[in-house]
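Quick notes on the structure that follows.
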Amino acid sequence: FEPMPPLFKCLQANVRNTDKVYNLGVGHTGTVRMDYLPNYTLLSGYHASHNQTNYEQAAKNNSVDVNVDHAFKSTQYDVDIVTLSTALKPILESDDMIAILKIDVEGMEKDVVDTISDELWVRIHQVVIEVHEEGDRISYIEKLLQSKGFDVSRGELAPPCFLLGEDICADDINACLVTGIKKRI
């Protein structure tokens, strides 16, 4: 699933003929305006340009000279959002399982996991989620995964800023990987 039109075209060009790709976002159903950052595509997403202030402050606090304005130059797109359970309805109507579910949605991870039906959760064996540190989001997702029968682990917090410099560190831009593997019964 890739909601940004330019990134979707790139995805289409880089998958196998048998892969299914969707020009949709996942989360709460509706239409959302997202920021596409052509000079820093990995941070493109919902309210992505709002992070510019956080990166500018982090660069200043860490005495790093980077061109944050260039990185956060954006174009906006209105994108369609559906729940993951709706998008994966064919899996729910079959006996198929999901070996691994990767979620990397630049701050919308809670929206995605909150819309996964119990019926879909039982079909997921492993999950890897990039979780942005905001409020209690990391512990919320860890507890949710545990409640769905996963053994959960958390990676180290780190800023997603290779383009802007590895020396930029700040709580406002940190993220970590939360992984869950279904417990064996």
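Residues in the stretch 52-98 that are open to solvent by 30 Å² or more (accessible area, probe 1.4 Å), farther than 15 Å from residue 120 by Cα and assigned to a helix (DSSP H, G or I): 52, 53, 54, 56, 57, 60, 61, 69, 70. Picking from residues in the stretch 99-133 that are over 28 Å from residue 43 (Cβ atoms) and part of a loop (DSSP other than H, G, I, E, B), the one that is most open to solvent (accessible area, probe 1.4 Å) is 122. Looking only at the stretch 1-22, residues that are touching a residue at least 40 places away in the same chain (Cβ under 8 Å) and within 21 Å of residue 115 (Cβ to Cβ) come to 4 in all.
Identify all residues within the stretch 1-40 that are part of a helix (DSSP H, G or I) and under 23 Å from residue 55 (Cβ atoms); write none if there are none.
So in the stretch 1-40, the residues part of a helix (DSSP H, G or I) come out as 5-13.
Scanning the stretch 1-40 gives 6, 7.
Of all residues in the stretch 1-51 being of a type in the set (A, V, I, L, M, F, W, C) and open to solvent by 50 Å² or more (accessible area, probe 1.4 Å), which is farthest from the chain's Cα centre (by Cα)? Give the steps one after another, and end with the answer.
Our first condition is that a residue be of a type in the set (A, V, I, L, M, F, W, C); within the stretch 1-51, this holds for 1, 4, 7-8, 10-11, 13, 15, 21, 24, 26, 32, 34, 37, 42-43, 48.
Now restrict to residues that are open to solvent by 50 Å² or more (accessible area, probe 1.4 Å): 1, 10-11, 13, 42.
Details: 1: 11, 10: 17, 11: 15, 13: 21, 42: 10 Å.
Among them, the one singled out is 13.
The values are calculated or read from the model by the stated rules, or taken from the named source; none is laboratory data. Since we're looking at a predicted model, the values are computed, not measured. Counting neighbours? That spans all protein chains shown, and the Cβs are built from the backbone with ideal geometry, glycine included. What goes into the accessible areas is simple: the full protein's heavy atoms, side chains included, and nothing from ligands, DNA or RNA. Shrake-Rupley method; radii C 1.70, N 1.55, O 1.52, S 1.80 Å.
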